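Working notes for the structure below.
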Amino acid sequence: MQNSVIQGTQPATKRISLTTNQKAFLLFLLILAVVLGLWEIGVRLGLFSQLMPTASATIVNFWSWISDPFFNYGPNDKGIGWHLLVSLRRVMIGFAIGSVIAIPLGILIGLSEVTSKAVDPFIQILKPVSPLAWLPLGLGLLKSSENTALFVIAITSIWPTLINTRFGVSNVDPSYLDVAKTLGASRWRTLFKVILPAAAPYIVSGLRISIGIAWLVIVAAEILVGGTGLGYFVWNEWNNLQISSIITAIIVIGLVGLILDRLFGLLQSWVAFGRRV
Amino acid sequence: MTSTAHLSIQNVSKIFPGQQDWMSKLQRRSSKDFVALENINLEIEPNTFVSIIGPSGCGKSTLLNIIAGLSEPTTGAVMMNGVLITKPGPDRGVVFQNYGLMPWMTVLENIRFAIETVNPKLPLSRQKTIAQEYIELVGLHGAERKHPHELSGGMRQRVGIARALAINPQILLMDEPFGALDALTRGFLQDEVERIWEQQRKTVVLITHSIEEALLLSDKIVMMTRGPAAQIAKILDVPFARPRHRETLDEHPAYHELKSEMELHLTKETRAVEEARIK
């Protein structure tokens, strides 16, 4: 039996083989180059508004902001790093307040079907409201722009976390609960040792959505509230007609949002233990 | 020999109520009451290994859940050592078909969780020693710090068995414990259960689909009729000497007779189930 070796048809010529990631990275660079090239040429040919800076000027401006983020020449002339820190601080405080409300409330209503159904209309009605609609209410109630920003972020952060926590707590795999029952575990022990760890991936995925939305909303809130922060920075640079600085801010906001999302992604895989949410 | 239990199942019926209120009738979602079990009477002697076998949907798992206390009988009662079973408790160790391991706990933590729940005042070091003992018993030495998702199905069920045994229950309830495993792993784990049972000889109730499994492990085999309103068809004595070995089991003169009787019964019942489903 000579035919038992299965022969593949290998091409004789050796080609440079790239992994998928390497190919994707090259394509990414190509797209970036095309976008920047069209931008540069378009501005130089006068195809866009006169306010539009060239790509090269924007990159230079971007670098000047990024290389020296923490200068401070008075309230209207601060490095972008300061604004970033202020925005991050607001998001973190507002997000913490929202989560401290949303997680226990989510657990509470997740444990009881009656409460869950009773609270549901409130959630369903308040969830789709744009966070910015709460802003005037915050100003009226709290009479402080700083606290209003926190209030809006907190309100924003509540809904995804609340809904996910409720879902996670009320959808614990019944076999885990059966195990706890057959061992004679108390309600508290079942809650802390079984229900909460079982719901943890859902809770964290709620937090991940919440922080994403909070980061979206902070810019808008700061544009309206003013004073400091990335939103204020964007608006201030618009008043100065500095489009390249606005683009810088957009990229910074995007990068920070990406990092926040990835951090919660890590936390998510840390509590998942092989489960998929 | 460890303390072990006498189980008495007396006139147990289980009816799952249907939805017949006017709301569900209006939505055309009304359903009739479903009689899962009807008048089950069964005495399980201490230190015996009893298998319950029957066609699918015959209420085997329902019966086990009633013994475990996870479900209440509609009529009748289950007594353990003369005491009425009303709720789940650590005097009965349960091995679940889908293992029921907590994914966020390691092998050791899963077992220690059971020990600590049942006996919270036990010092931590003692809990760990006991957990380790049962990890050794089921042959999982070296896997203590692994999480369930890092284990194969067979290894997961060993943890399930170790956890059920670690609380030193008087009776072990196993609900199709090897149903989710491939045939080779299943055979291997059956041998393991036989080996472990020889050491402890606890009262065991095993729910199974497998004739070979029942013959290898049991002292008594309870054959059930098809559902709805499943009943006990016949109880077989399995006279083979222990310890038993899969390879030599069929040399026993009664083996083939028992096997064909069970096959006949199960085939007949399963055919009836299938036919009823078509109608």
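Observations, loosely collected:
- Considered as a group, the residues in segment B:59-76 that are open to solvent by less than 20 Å² (accessible area, probe 1.4 Å) and away from chain A (no Cβ under 14 Å) include one that is nearest to A:ALA180 (Cα to Cα), and that residue is B:LEU63.
- Residue check for B:LYS128: within 14 Å of chain A (Cβ to nearest Cβ) and of a type in the set (Lys, Arg): no
- B:PRO120 assigned to a loop (DSSP other than H, G, I, E, B), touching a Pro at 6+ places or on another chain (Cβ under 7 Å) and surrounded by fewer than 23 Cβ atoms within 10 Å (Cβ to Cβ): no
- Of note, A:VAL179 does not satisfy the criterion of being within 14 Å of chain B (Cβ to nearest Cβ), open to solvent by less than 20 Å² (accessible area, probe 1.4 Å), over 30 Å from A:ASP77 (Cβ atoms) and not in a helix (DSSP H, G or I).
- Annotation note: of A:ARG276, A:ARG262, the sole residue that is within 14 Å of chain B (Cβ to nearest Cβ), open to solvent by 30 Å² or more (accessible area, probe 1.4 Å) and among the charged types (D, E, K, R) is A:ARG276.
- Segment B:131-160 - residue that is open to solvent by less than 10 Å² (accessible area, probe 1.4 Å) and under 15 Å from B:GLU192 (Cα atoms) and, of those, nearest to the other protein chains (Cβ to nearest Cβ): B:GLY160
- Here B:LEU37, B:LEU84 are screened, and the one residue that is in contact with a Leu (Cβ under 7 Å, 6 or more places away or on another chain) and either more than 12 Å from chain A (Cβ to nearest Cβ) or in contact (Cβ under 8 Å) with a residue 40 or more places away in the chain (or both) is B:LEU37.
- Yes/no for B:GLU213 being open to solvent by 10 Å² or more (accessible area, probe 1.4 Å), under 20 Å from the mean Cα position of the chain (by Cα) and in contact (Cβ under 8 Å) with a residue 24 or more places away in the chain: no
- Some residue of segment B:30-37 being more than 23 Å from B:THR267 (Cβ to Cβ), charged (D, E, K, R) and assigned to a strand (DSSP E or B): no
- Residues considered: A:ILE103, A:ILE125, A:ILE97, A:ILE107. Of these, the only one that is assigned to a helix (DSSP H, G or I), of a type in the set (A, V, I, L, M, F, W, C) and surrounded by fewer than 17 Cβ atoms within 10 Å (Cβ to Cβ) is A:ILE125.
- Close contacts from segment B:158-173, counting a first residue that is more than 16 Å from B:PRO88 (Cα to Cα) and of a type outside the set (Phe, Trp, Tyr) and a second that is part of a strand (DSSP E or B) and open to solvent by less than 10 Å² (accessible area, probe 1.4 Å), with Cβ to Cβ under 7 Å and a gap of 6+ residues or different chains, come to B:GLY160/B:VAL95; B:ILE161/B:VAL95.
The values are calculated or read from the model by the stated rules, or taken from the named source; none is laboratory data. From a predicted model like this one, the values you see are computed outputs, not experimental measurements. Every residue, glycine as well, gets a Cβ built from its backbone with ideal geometry; the counts of neighbours run over all protein chains shown. The area values use the complete protein model at the heavy-atom level, side chains included, leaving out ligands, DNA and RNA. Shrake-Rupley method; radii C 1.70, N 1.55, O 1.52, S 1.80 Å.
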